[in-house]
Amino acid sequence: MERRTRITVLLDKVTFEDNALRKLGYIMAFIAGAVNAGGFFAIGYYTSHVTGEVSAMADHLVLGDIQLVILFFCMLLCFIGGAMHSTWLIIWARRSRFRSGYGISMCVESFILLLFGTLGITLGTEWKFLFFSPTIMLLCFIMGMHNTVITILSNGLLRSTHMTGIATDIGIELSKAMYFHKNPLKKVAAIKTNRRKLVLFIGILFYFFIGGVVGALGFRHLGFQFILPLAILLFVWGALSISHDLKARTRLRNYKKVA
């Protein structure tokens with residue numbers, strides 16, 4: 001019983017070094033920027049911008065354009081659905097004693113990303129009228145999945161698909177850094193900036209921007225074929241986590257046999 005408890009605790013213990021979380025945040029922000037900007041270049045919508053979608057719903061409702069209200073509402077639902085799907089995968093993985101729940105979600109997302117690219121190719125054919133809306137909805141679903149991974153891993157600290165919160169956090173940390181203590185108070189804690197957090201936020205914003213530039217160029221010159229390298233990058237990064245998990249489970253099984 002004691003041995004089983006130790007193994008269960010080890011499998012349930014999900015800890016990530018700051019360096020690993022930082023790298024994952026940068027990669028996810030880069031991919032999100034590339035897909036988001038590229039998606040806008042290809043279909044004319046920023047699908048990760050939920051604030052804009054809700055605002056557009058309100059604007060078009062006032063203007064009486066019910067079809068666009070329904071469109072943006074469906075986009076919102078698909079984003080939420082993507083977040084739910086990613087969360088289900090991560091919860092299932094943890095309940096199945098897998099530590100690589102986020103890796104599984106990333107691998108699944110990479111295949112859905114390929115499906116998006118396949119649908120996107122049809123937009124250049126006479127079937128565009130049939131596949132335009134499903135392509136937008138699928139991209140919203142992907143953005144919901146993408147944002148959920150880093151959100152869960154960082155306990156809500158980080159986002160990868162939209163930069164409003166990141167920019168706000170940068171402003172907060174910069175304000176702390178420039179705050180001048182003219183008369184320090186002994187009973188009041190000193191105002192200190194978290195430099196590591198500030199660097200992380202700036203890095204995520206930077207990689208999102210770089211991803212946007214790369215995505216716009218990629219979609220402009222390669223079209224939806226540019227989805228392939230993005231999907232491969234996402235799949236490889238998720239597969240690395242899964243392989244690490246499988247190795248850990250193998251070691252645990254060997255330990256159980258010896259013990």
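The values are calculated or read from the model by the stated rules, or taken from the named source; none is laboratory data. Keep in mind it's a predicted model, so treat the numbers as computed, not measured. Note: ideal-geometry Cβ built from the backbone for every residue, glycine included; neighbour counts use all protein chains shown. Calculation scope for accessible area: heavy atoms of the full protein, side chains included, ligands and nucleic acids excluded. Shrake-Rupley method; radii C 1.70, N 1.55, O 1.52, S 1.80 Å.
Brief remarks on what is shown
- Placing a pseudo-label 7 Å from each Cα along the Cα-to-Cβ vector at Leu174 and Arg251 gives an inter-label distance of 4.3 nm.
- Applying the Karplus relation 6.51 cos²θ - 1.76 cosθ + 1.60 with θ = phi - 60° to segment 198-203 yields 3J(HN,Hα) values of 4, 4, 5, 5, 5, x Hz, where x marks Gly and Pro.
- Phi-derived couplings, Karplus 6.51 cos²θ - 1.76 cosθ + 1.60 at θ = phi - 60°, listed residue by residue for segment 32-40: 4, x, 5, 5, 5, 5, x, x, 5 Hz, with x used for Gly and Pro.
- The mean of 1/r over all pairs of different alpha-carbon atoms in segment 57-185, once inverted, gives a Kirkwood hydrodynamic radius of 17.4 Å.
- Here r is the Cβ-Cβ distance between Trp88 and Val213 and R0 is 35 Å; the resulting FRET efficiency, rounded to 0.05, is 0.55.
- Here the 3J(HN,Hα) profile of segment 146-160, calculated from phi with Karplus coefficients 6.51, -1.76 and 1.60 at θ = phi - 60°, is 4, 5, 5, 4, 6, 5, 5, 5, 9, 6, x, 6, 10, 10, 10 Hz, Gly and Pro shown as x.
- Accessible surface comparison of Cys74, Cys107, probe 1.4 Å, protein chains only, largest first: the order is Cys74, Cys107.
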